Structures are given as C-alpha cells and as structure tokens.
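Just below is one structure, and these are the notes that go with it.
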Amino acid sequence: MADEDHSTGHLDPAAFAPGGRARARGLGLPMPGVTGPLNAITDVAGVTAGFTTLRENGGAIHTGVTAILPPATGDLLHPVWAGVFSMNGNGEMTGAHWIRDAGWFTGPITITNTFSVGLAHHAALKWMAQRFPALGEDLWALPVAAETYDGYLSDISGFHVMEAHVLAAIEGASPGPVAEGCVGGGTGMIAYEFKGGTGTASRRVSPRAGEHTVGVLVQANHGIRPWLTICGKRVGEALTGPRTHAVERGSIIVVIATDAPLLPGQLERLARRAAIGIGRGGTPSGNSSGDIFLAFSTANDPGPLPEPPVLALKAVSNDDLDALYLAVVEGVEEAVLNAMLAAETTTGKHGRVVEAIDAEKLKALVLG
C-alpha cells in the first residue's frame, strides 16, 4: 500500500500511526503482502479492540489490559469458531480446553500480565453477566484470558490491575486504528531485550472462495537480542546497548482473526502458523516462554446458545488454505515489529531501563 493518500494528503494508516510515527512499512522495511486499510486486526469486520493502560514512567507501574471483541457486542453469547495452539506452554490462556473440544468460545478476549489473568477472566464474566441480565443464574461462559509477564519493569506483585480496568478495556473496544507499543496488556513488555508490547497487522488474501481478511494482534514479550532477525537479516548482534537478560524470560500471545469461513480444525492449523511468524523474528520459542496462539473466525455464526440440533458450516477448501497460512505468518512477523517500533524507552521499578529499538539504525542494517 502507498505511504500517502495523495487525494487527501493523509498518511496511510497501514504504514503510519495517527500521530505520524512510522510503522514497519512507513520506515521503508520490505514487508511482504497486501494489508487491509488499517493494517490491523480491526480490518476484520466486526472485530474491535480496547485498552486500559497503567503507566508511570520512572515509577513501578507499567501494566494494563487489552480487550478484543470478536463479533458485535450484542452477539457475544453466540459461539465463535476457534482453534488454539501452544508452541511452548510456560503461560496461560483460559478457555483453551473447551476450544480444543468444542471448537468455539464466547465472550471477549482479554490479555494482561501473568498475575492478573485470573482477575481478567473474573471481570470478563462479570461484564457478561451485566450485559445479559436476562440470563441470570443460567449464564454460562468460558471467556478467553491470556497473559505475559511484565515483572521486570512493573510491580507485578502489587496487583495493580483491578476489575474496573478490565471492564474499561472491554467497554472501550472500538473499530478503527489500533494503538501499539506501550499500551494495554503490552505496557510493561520486552521483546528481544528492547521495549516491546502490543502490535497488530493484517493481510488481504484471495483464495478461490473470494477475498478474505486476516488480522493479528500480538502481545510481544519474548526473545533475546542476539536472536533478533528482521526481514531475514540477523540484526540483533549489531544493535548494541544495555542487556536485560541473557536467556529467554518472556512470552508472546498471538490472536488471529479472519472473516474466512473455516472449521475449528482449520483454525487450529492457522494458529499453528503463528509459530512460523514469530520464528521469522529469530526466536526458537525458548523453554521459559509462554507462546500461545488463538485463531477465530467471524463467519458461520450459529446463533445464540444452546447450539441447534444440527450445525451447518461452510468452509474454505483445505486446498486453498495456503494463502491464509502465509497471511498469518507475514502478519505475525510484522505485528511484532510494529510493537517494537511503537514502544518507548521505559524506566520501571528499581530504576531499570529498557530502551526502545533504534528505528533508523535498524533500517540501515536491514536495507544497507
């Protein structure tokens, strides 16, 4: 996509953030594939995203909550077809067991820090109970709540994320451009020993069944600097500066959305491809990393629970999945990079400093 819309003079949101900051494409890095208009998970119609950010630069609080709402709010008691994959299981994503068995979930997706994942699950259920009071004591849901660890920069044992913060992120979910970097659950995260956080990207693909969109959102908190690979070039060792740790200590959560009609087994296969996407960045998915991925489709709405006696689902042919697989791989790779480019140098607890990646030096290493 072009960097500028010459009919309006406005910067292309696929390449630049609303404030003018360059994303990976705006920096001139050779990102493959065709994006949606926003290059974000919200390019998938009906998907919205919201954030609550708790940040005290120079202080001990750098945390928050990210919320992703799959369909329209009024339909959140409709099953959403999904698949999950754990590349390395040193982490948590609630609802995953039922997704593996039934192939669906209901409710909002929330992402936060490791010590707040239970609270996020609790608050999401409370939000659903308040949203659908007619169901009363008959409400049943297993919402998805996931986490990565922000305890290097943030006072994670202070339990600063409250129920109200989760509810605010869910209520604030909206379409349009998605904030990146030090926002929401990504506020205190570190990627390849640079400041990491929230990142997003999207792809448009055209299998035989017609054009579809794949959008991804990552909470990037993984990798060590020597591993860092951008656009196929190993750049980590050339990017000098203070180190944060010598071995992998983080995790990454990937949420993949698509409007392509897919069966749960096909969505699990899409989720697996996120592993290739993060691998392009250089990580082997370390032993201490919780690398857990969720893919869902907005198609094939079966209506509200309980399930009808017979379910009729349409699905893209297995022979046409390659374009969707590639969209996931490319989107995840770009979303991680967008997270790092958006993040700001942060001073956290005990005066610990995690620097933002030097965008111009990175550009020179990739393009030189």
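The values are calculated or read from the model by the stated rules, or taken from the named source; none is laboratory data. Quantities reported herein were computed from a predicted structural model and do not represent experimental measurements. A quick note on method: Cβ atoms are made from the backbone with ideal geometry, for glycine too, and the neighbour counts reach across all protein chains shown. Just the protein is used for accessible areas: all its heavy atoms, side chains included, with ligands, DNA and RNA removed. Shrake-Rupley method; radii C 1.70, N 1.55, O 1.52, S 1.80 Å.
Just a yes or no: is a residue in region 333-347 among the polar types (S, T, N, Q), under 27 Å from Ala275 (Cβ atoms) and in contact with a strand residue (DSSP E or B) (Cβ under 7 Å, 6 or more places away or on another chain)? Among the residues of region 333-347, at least one is among the polar types (S, T, N, Q), under 27 Å from Ala275 (Cβ atoms) and in contact with a strand residue (DSSP E or B) (Cβ under 7 Å, 6 or more places away or on another chain), which makes the answer yes.
Residues are listed down the side, and each one gets a yes or a no for (1) modelled with pLDDT under 95; (2) open to solvent by 60 Å² or more (accessible area, probe 1.4 Å); (3) polar (S, T, N, Q); (4) over 15 Å from the mean Cα position of the chain (by Cα):
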residue	(1), (2), (3), (4)
Ile253	no, no, no, no
Leu262	no, no, no, yes
Ile278	no, no, no, no
Gly290	no, no, no, no
Ala299	no, no, no, yes
Pro306	yes, yes, no, yes
Glu330	no, no, no, no
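Here Gly176 passes the criteria (1) small (Gly, Ala, Ser); (2) open to solvent by 10 Å² or more (accessible area, probe 1.4 Å); (3) part of a helix (DSSP H, G or I) except the one numbered (3).
The single residue among Gly279, Gly250 that is free of Cβ contacts under 8 Å to residues at least 24 places away in the same chain and farther than 22 Å from Ile99 by Cα turns out to be Gly279.
Residue-wise test of (1) modelled with pLDDT of 95 or more; (2) of a type in the set (A, V, I, L, M); (3) out of contact with any Cys (no Cβ under 7 Å at 6 or more places or on another chain).
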| residue | (1), (2), (3) |
| --- | --- |
| Asp75 | no, no, yes |
| Glu147 | yes, no, yes |
| Val161 | yes, yes, yes |
| Pro177 | yes, no, yes |
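Residues that are open to solvent by less than 10 Å² (accessible area, probe 1.4 Å) and touching a His at 6+ places or on another chain (Cβ under 8 Å) are absent from region 221-243.
Flag: Thr52 matches the condition of being touching a helix residue (DSSP H, G or I) at 6+ places or on another chain (Cβ under 9 Å) and open to solvent by less than 30 Å² (accessible area, probe 1.4 Å). Given the structure, is Leu326 among the hydrophobic types (A, V, I, L, M, F, W, C), touching a residue at least 24 places away in the same chain (Cβ under 8 Å) and either touching a strand residue (DSSP E or B) at 6+ places or on another chain (Cβ under 7 Å) or open to solvent by 70 Å² or more (accessible area, probe 1.4 Å) (or both)? So Leu326 fits the description; yes.
Report, by residue number, each residue of region 60-78 that is part of a loop (DSSP other than H, G, I, E, B) and either open to solvent by less than 10 Å² (accessible area, probe 1.4 Å) or on the phi > 0 side of the Ramachandran plot (or both). Result: Pro70, Leu76. When every residue of region 145-157 is checked against the conditions, at least one turns out to be in contact with an Asp or Glu (Cβ under 8 Å, 6 or more places away or on another chain) and over 19 Å from Ile256 (Cβ atoms). How many residues does region 127-145 contain that are crowded, with 16+ Cβ neighbours inside 10 Å and either outside any loop (DSSP other than H, G, I, E, B) or touching a residue at least 60 places away in the same chain (Cβ under 8 Å) (or both)? Of the residues in region 127-145, 6 are crowded, with 16+ Cβ neighbours inside 10 Å and either outside any loop (DSSP other than H, G, I, E, B) or touching a residue at least 60 places away in the same chain (Cβ under 8 Å) (or both). The condition of being at negative phi, assigned to a loop (DSSP other than H, G, I, E, B), surrounded by 20 or more Cβ atoms within 10 Å (Cβ to Cβ) and touching a residue at least 12 places away in the same chain (Cβ under 8 Å) does not hold for Pro32. Candidates are the residues of region 96-126 that are under 16 Å from Glu171 (Cα atoms) and surrounded by fewer than 19 Cβ atoms within 10 Å (Cβ to Cβ); the one that is farthest from the chain's Cα centre (by Cα) is Lys126. If you filter region 1-22 down to residues that are outside any loop (DSSP other than H, G, I, E, B) and surrounded by 15 or more Cβ atoms within 10 Å (Cβ to Cβ), you find that the one that is modelled with the lowest pLDDT is Leu11. Candidates Thr94, Thr106, Thr110, Thr148: the one that is over 21 Å from Gly184 (Cβ atoms) and in contact with a strand residue (DSSP E or B) (Cβ under 9 Å, 6 or more places away or on another chain) is Thr106.
Taking region 198-242 as the range and being among the acidic types (Asp, Glu) and part of a loop (DSSP other than H, G, I, E, B) as the test, only Glu211 passes. Scanning region 182-197 for residues that are open to solvent by 50 Å² or more (accessible area, probe 1.4 Å) and not in a strand (DSSP E or B) turns up nothing.
Determine whether Leu311 is open to solvent by 60 Å² or more (accessible area, probe 1.4 Å), more than 26 Å from Val178 (Cα to Cα) and at pLDDT below 95. Judged against the criteria, Leu311 is a match.
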